[in-house]
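**Q** Below is a structure I'd like to ask you about.
The values are calculated or read from the model by the stated rules, or taken from the named source; none is laboratory data. What you see is a predicted model, and the numbers here were worked out from it, not measured in a lab. Counting neighbours? That spans all protein chains shown, and the Cβs are built from the backbone with ideal geometry, glycine included.
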Amino acid sequence: MRHTPVDEANPISDASARSMPLAELAECHLGDPLVPGHTMSFAYAQRIDESESFPHEAIHSLYQHRFQRYFVPGELGGSFRSFVELGELIRVLSRRDLTCSVAFSTLFWSFLTWMEGSAEQKRFLADFILRREGAMCLAYSEKTHGSDLLGGDTVARRVPDGFLVSGEKWPINRATVSGVCYLLATTNEAAGPRKLSLFMVDKSRLDKAQFSNLPKAPTHGLRGSDISGIRFENCHVPTDALIGHAGAGLEIALKGFQITRALCAPFSLGAGDTALRTTLHFVSSRTLYGERVVDIPHCAGTLSDAFIDLLICDCVTTSGLRAFHAVPEQISVWSAVVKYFVPTAVESMIQRLSVVMGARGYMRDEHEWGTFQRVIRDAPIVSIFDGSTVVNLHALLLQFRQLARRRADNADQERDLRRIFDLDAAVDMFDPKRLSLASRHGNAALDGFGSTLSLIKSRELPHAVGTQVLERIVAFGEQLAREIELHRVRFASAEFENGHRQPAEAFETARKYCGLHAAAACLHAWARTGRHTNKFFVSGAWLPNAGERIFEHYLGHAEVGWANSSFLETLEELRRLDQEGRMFSIAGSPLGTQISTMA
Amino acid sequence: MNQLRTEEALREWLMDHLSKTLKTPRSHLDADAPFARYGLNSLDGVTLVMDLEEQLGIELPPTLLWDYPTINKCVAHLAAIGSEA
């Protein structure tokens, strides 16, 4: 599919927004990153990376296109409809340049206000974002305390008309280039987990003599980013900056993370798409030993595996984002799985591709503006920021005992599974009040797996599937069901382990749990998505190999009995998607092709 | 939560539960000391509330132990809930 050019001066209209999926619409507006001369091109990404300068022009152009509206709820004048759609937008931005995407997407911190802010705070923020190109930073971390939020030294002392804030936050994305700062500070040192309060600070209302910015920190990747800090010195912050009540800071912060951690996965999916695409272009045009490199079995296998990894990650991400609308009570589990699994899986995938890229993948000015070396530097930040890999695995393992004991009743579960895993079905409105710090209703992806396996075995599928493929998928499903049961039995009677001194093996168990969830997500999504146009996805031909990869990398099974050693079908699909200009994803949505005229 | 309706019964049960959970002799538990003294961090507190819910058969705020951070404060609150039920 080819898009006609879009007029730069004509931002997204309501009519076009309704008639076209957002991913496609955004691609249409942003053009082909392989064509230089515009701010969402690889050439521009290379320029800001090399100069280590903030992508002001690119960010401005995204506001001109009014993409900020997808972060703001409809009742406040925005166009947010679902996290699935927002995730699609972030993936579209991220496949062009992570620096720009991460800088623009700090807008997702606005959900802190949409969730817990007052009516006046919501009105202010909506206006700030929609009409003033407003952006925000999240000032939680401190130099000597890392992810230990309760250990922070920043204090907010109550005074008659507000608070006096003192302390330093670092490293903070967009600490300098932002107008609003979400600040976590101690309001009552003696109150334990209630010591922290959250403030939405409008920097324009502060006395400039009372706060200052710390210099940009030079970084390995995302080199154009504003990774800096902010220092407050007896800085007066008005009372109306407080979000929720004093002492609610940690609780709001943890619920906010549930949203933003899941929304980090599309950063990785976009980066993964670009790493695979630029590698495919390289090996398709290169001849060695009288043969095109793409046809050499090792290379073909690596590309095929990378594509399957992306499909697995897409299943995990898309179902995880849909879960916000179907089972928000369970999101403490889903979000941690998504944030652990997807960024690390994509990082590993890119590392494996680097073998195929060889020296070209190490050069900053070769093959498609040095895109591969930029992505391999940029992508690993996703598993670090916004709750690191260890933080997410820890959040999961603390819940294992209860997850093994509790689950939703069967009728609810069947309904939930359809809502989550039929990727074509509409989603319900998101209700932030249903988020919880711990799941009381288990994890539908694992608890409901037996139901989906029965569907598969009874062939009550919404699409046709070949007998041989089905046999392999059933074998995969049956082994997965056994592994899920083993995990459940182990933790149903497990003892409580407190604190941050969990044994190292516990983290390995949490990693396995993420593998179980990912494998289940693939099978659920395949078995319950019917009307999809992507014939390759519904054929199931990729599923046995997806299962093999997950069992090998997460569950410690070197060999499984169901894998299909042929990768030709997968490689053929990968090449078809690229030739037709489509995303390497389940939906395979069309990519932008026009030459943009943006500066 | 019938059998745990009185403050005393609740305290006994919670002391036993914490003693087992924290692998600490009951005699080492101080009913007026903050849970943090026993190495329980904020997320451990949430996990323990889920255990409490299971035992008591009622739904509690996951942040219960943040707001009632000692055995005695927690017991007094649970007893108050029980008497209202």
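**Q** Keeping to segment A:362-393, report how many residues are surrounded by fewer than 22 Cβ atoms within 10 Å (Cβ to Cβ), under 30 Å from residue B:47 (Cβ atoms) and either among the acidic types (Asp, Glu) or within 14 Å of chain B (Cβ to nearest Cβ) (or both).
**A** Of the residues in that region, 2 qualify.
**Q** Return a yes/no flag: does segment A:471-493 have any residue that is crowded, with 17+ Cβ neighbours inside 10 Å, closer than 28 Å to residue A:259 by Cα and within 14 Å of chain B (Cβ to nearest Cβ).
**A** yes
**Q** Suppose the filter is within 14 Å of chain B (Cβ to nearest Cβ) and of a type outside the set (A, V, I, L, M, F, W, C); does residue A:195 pass it? Let's see the steps before the verdict.
**A** Working: within 14 Å of chain B (Cβ to nearest Cβ): yes; of a type outside the set (A, V, I, L, M, F, W, C): yes.
Criteria met by residue A:195.
**Q** Residues in segment B:57-84 that are surrounded by fewer than 19 Cβ atoms within 10 Å (Cβ to Cβ) and either under 24 Å from residue A:333 (Cα atoms) or small (Gly, Ala, Ser) (or both): how many?
**A** 10
**Q** Among the residues of segment A:303-326, is any hydroxyl-bearing (Ser, Thr, Tyr), surrounded by fewer than 19 Cβ atoms within 10 Å (Cβ to Cβ) and more than 30 Å from residue A:415 (Cβ to Cβ)?
**A** Looking only at segment A:303-326, we keep the residues that are hydroxyl-bearing (Ser, Thr, Tyr), and these are A:304, A:317-319.
From what's left, surrounded by fewer than 19 Cβ atoms within 10 Å (Cβ to Cβ): none.
Looking for residues that are hydroxyl-bearing (Ser, Thr, Tyr), surrounded by fewer than 19 Cβ atoms within 10 Å (Cβ to Cβ) and more than 30 Å from residue A:415 (Cβ to Cβ), one finds none in segment A:303-326, hence no.
**Q** Next question, about the same structure. Applying the selection to segment A:484-531, what residues are more than 29 Å from residue A:463 (Cα to Cα) and among the aliphatic types (A, V, I, L, M)?
**A** Selection gives A:486, A:489, A:492, A:494, A:504, A:506, A:510.
**Q** Residue by residue through segment A:558-572, note down the ones that are farther than 20 Å from residue A:585 by Cβ and surrounded by 15 or more Cβ atoms within 10 Å (Cβ to Cβ).
**A** Our first condition is that a residue be farther than 20 Å from residue A:585 by Cβ; within segment A:558-572, this holds for A:558-566, A:568.
Of everything in segment A:558-572, those that are farther than 20 Å from residue A:585 by Cβ and surrounded by 15 or more Cβ atoms within 10 Å (Cβ to Cβ) turn out to be A:560, A:562, A:563, A:564.
**Q** Condition first: within 13 Å of residue A:513 (Cβ to Cβ), hydrophobic (A, V, I, L, M, F, W, C) and assigned to a loop (DSSP other than H, G, I, E, B). Now tell me which residues in segment A:386-409 satisfy that.
**A** Correct list: A:398 only.
**Q** Could I ask something else about it? Considering segment A:236-274 alone, what residues qualify as being away from chain B (no Cβ under 14 Å), among the hydrophobic types (A, V, I, L, M, F, W, C), assigned to a helix (DSSP H, G or I) and closer than 30 Å to residue A:207 by Cα? Give the steps one after another, and end with the answer.
**A** Quick first cut of segment A:236-274, residues away from chain B (no Cβ under 14 Å) only: A:236-243, A:256, A:259-274.
Narrowing further to those that are among the hydrophobic types (A, V, I, L, M, F, W, C): A:237, A:241-243, A:259, A:262-265, A:267, A:269, A:271.
Remaining after also requiring assigned to a helix (DSSP H, G or I): A:241, A:259, A:262-265, A:267, A:269, A:271.
A:241 - this is the single residue of segment A:236-274 that is away from chain B (no Cβ under 14 Å), among the hydrophobic types (A, V, I, L, M, F, W, C), assigned to a helix (DSSP H, G or I) and closer than 30 Å to residue A:207 by Cα.
**Q** Looking at (1) surrounded by 14 or more Cβ atoms within 10 Å (Cβ to Cβ); (2) small (Gly, Ala, Ser); (3) closer than 24 Å to residue A:433 by Cα, which one does residue B:31 not meet, given that it meets all the others?
**A** All conditions pass for residue B:31, except number (3).
**Q** Within segment A:503-537, how many residues are more than 22 Å from residue A:398 (Cβ to Cβ) and assigned to a helix (DSSP H, G or I)? Talk me through it step by step, then tell me what you get.
**A** To start, the set of residues in segment A:503-537 that are more than 22 Å from residue A:398 (Cβ to Cβ) comprises A:519, A:522-537.
Filter once more, so that each one left must be assigned to a helix (DSSP H, G or I): A:519, A:522-528, A:535-537.
Total meeting the criteria: 11.
**Q** Could you please find all residues in segment B:16-28 being surrounded by fewer than 15 Cβ atoms within 10 Å (Cβ to Cβ), in a helix (DSSP H, G or I) and either in contact with an Asp or Glu (Cβ under 6 Å, 6 or more places away or on another chain) or of a type outside the set (Lys, Arg) (or both)?
**A** Of all residues in segment B:16-28, those surrounded by fewer than 15 Cβ atoms within 10 Å (Cβ to Cβ) come to B:16, B:20, B:23-28.
Next, only the ones that are in a helix (DSSP H, G or I) stay: B:16, B:20, B:26-28.
Once the filter is applied, which keeps residues that are surrounded by fewer than 15 Cβ atoms within 10 Å (Cβ to Cβ), in a helix (DSSP H, G or I) and either in contact with an Asp or Glu (Cβ under 6 Å, 6 or more places away or on another chain) or of a type outside the set (Lys, Arg) (or both), segment B:16-28 yields B:16, B:27, B:28.
**Q** Give me a count of the residues in segment B:39-56 that are within 16 Å of residue A:501 (Cα to Cα) and surrounded by fewer than 18 Cβ atoms within 10 Å (Cβ to Cβ). Quick ask: steps written out before the conclusion?
**A** Step one: filter segment B:39-56 for residues within 16 Å of residue A:501 (Cα to Cα), giving B:39-45, B:47.
Still in the list and also surrounded by fewer than 18 Cβ atoms within 10 Å (Cβ to Cβ): B:39.
Adding up the residues that qualify gives 1.
**Q** Let me ask you something else. Taking the condition of being surrounded by 20 or more Cβ atoms within 10 Å (Cβ to Cβ) and closer than 15 Å to residue A:61 by Cα, how many residues in segment A:108-131 meet it?
**A** Number of matching residues: 1.
**Q** Does residue A:75 fit the bill of being surrounded by fewer than 20 Cβ atoms within 10 Å (Cβ to Cβ) and either within 21 Å of residue A:322 (Cβ to Cβ) or among the acidic types (Asp, Glu) (or both)?
**A** Details: surrounded by fewer than 20 Cβ atoms within 10 Å (Cβ to Cβ): yes; either within 21 Å of residue A:322 (Cβ to Cβ) or among the acidic types (Asp, Glu) (or both): yes.
When the stated conditions are applied, residue A:75 passes them.
**Q** Right, another one. Name the single residue, out of those in segment A:441-464 being buried (at least 19 other Cβ atoms within 10 Å of the Cβ) and outside any helix (DSSP H, G or I), that is farthest from the other protein chains (Cβ to nearest Cβ).
**A** A:448
**Q** For segment A:27-55, enumerate the residues that are over 23 Å from residue A:376 (Cβ atoms) and of a type in the set (Gly, Ala, Ser).
**A** Those that are over 23 Å from residue A:376 (Cβ atoms) and of a type in the set (Gly, Ala, Ser): A:31, A:37.
**Q** Given the residues A:231, A:277, A:322, A:223, which is the only one that is in a helix (DSSP H, G or I), touching a residue at least 40 places away in the same chain (Cβ under 8 Å) and more than 15 Å from the chain's Cα centre (by Cα)? Break it down into steps so the answer makes sense when it comes.
**A** Values: A:231 fails: in a helix (DSSP H, G or I); A:322 fails: more than 15 Å from the chain's Cα centre (by Cα); A:223 fails: in a helix (DSSP H, G or I).
After applying the criteria, what remains is A:277.
**Q** Please count how many residues of segment B:29-66 are more than 18 Å from residue B:81 (Cα to Cα), within 11 Å of the chain's Cα centre (by Cα), more than 7 Å from chain A (Cβ to nearest Cβ) and in a helix (DSSP H, G or I).
**A** 1
**Q** Here's another thing I want to ask about it. Run down A:205, A:157 and say which single residue is in contact with a Phe, Trp or Tyr (Cβ under 8 Å, 6 or more places away or on another chain), farther than 22 Å from residue B:43 by Cα and surrounded by fewer than 17 Cβ atoms within 10 Å (Cβ to Cβ). Even if it seems obvious, please write down each step before you answer.
**A** On the way: A:205 fails: in contact with a Phe, Trp or Tyr (Cβ under 8 Å, 6 or more places away or on another chain).
Just one listed residue meets the conditions, A:157.
**Q** Based on what the data block shows, is residue A:99 under 25 Å from residue A:317 (Cα atoms), touching a residue at least 60 places away in the same chain (Cβ under 8 Å), touching a Pro at 6+ places or on another chain (Cβ under 7 Å) and in a helix (DSSP H, G or I)? Before the answer, list the steps.
**A** Working: under 25 Å from residue A:317 (Cα atoms): yes; touching a residue at least 60 places away in the same chain (Cβ under 8 Å): yes; touching a Pro at 6+ places or on another chain (Cβ under 7 Å): yes; in a helix (DSSP H, G or I): yes.
So residue A:99 passes the test.
**Q** Could you grab me the full set of residues in segment B:67-85 that are assigned to a loop (DSSP other than H, G, I, E, B) and either within 11 Å of chain A (Cβ to nearest Cβ) or touching a Leu at 6+ places or on another chain (Cβ under 9 Å) (or both)?
**A** B:68, B:69
**Q** Right, another one. Based on this model, can you work out whether residue A:119 counts as of a type in the set (Gly, Ala, Ser), without any contact (Cβ under 8 Å) to a residue 60 or more places away in the chain and in contact with a Gly (Cβ under 6 Å, 6 or more places away or on another chain)?
**A** Numbers: of a type in the set (Gly, Ala, Ser): yes; without any contact (Cβ under 8 Å) to a residue 60 or more places away in the chain: yes; in contact with a Gly (Cβ under 6 Å, 6 or more places away or on another chain): no.
No.
**Q** Let me ask something else. Scan segment A:554-584 residue by residue and report those that are part of a helix (DSSP H, G or I), in contact (Cβ under 8 Å) with a residue 12 or more places away in the chain and in contact with a Gly (Cβ under 7 Å, 6 or more places away or on another chain).
**A** A:554
**Q** Residue A:113 - would you say it is among the hydroxyl-bearing types (Ser, Thr, Tyr), touching a helix residue (DSSP H, G or I) at 6+ places or on another chain (Cβ under 8 Å) and not in a loop (DSSP other than H, G, I, E, B)? Steps first, answer last, please.
**A** On the way: among the hydroxyl-bearing types (Ser, Thr, Tyr): yes; touching a helix residue (DSSP H, G or I) at 6+ places or on another chain (Cβ under 8 Å): yes; not in a loop (DSSP other than H, G, I, E, B): yes.
Judged against the criteria, residue A:113 is a match.
**Q** Which of the residues belonging to segment A:160-186 are buried (at least 23 other Cβ atoms within 10 Å of the Cβ) and either modelled with pLDDT under 95 or among the β-branched types (Val, Ile, Thr) (or both)?
**A** Matches in segment A:160-186: A:165, A:172, A:180.
**Q** Out of the residues in segment B:5-28 that are more than 10 Å from every other protein chain (Cβ to nearest Cβ) and among the aliphatic types (A, V, I, L, M), which is farthest from the chain's Cα centre (by Cα)?
**A** B:9
**Q** Out of (1) more than 11 Å from every other protein chain (Cβ to nearest Cβ); (2) β-branched (Val, Ile, Thr); (3) part of a helix (DSSP H, G or I), the odd one out for residue A:427 is which?
**A** Unmet for residue A:427, out of (1) more than 11 Å from every other protein chain (Cβ to nearest Cβ); (2) β-branched (Val, Ile, Thr); (3) part of a helix (DSSP H, G or I): (3).
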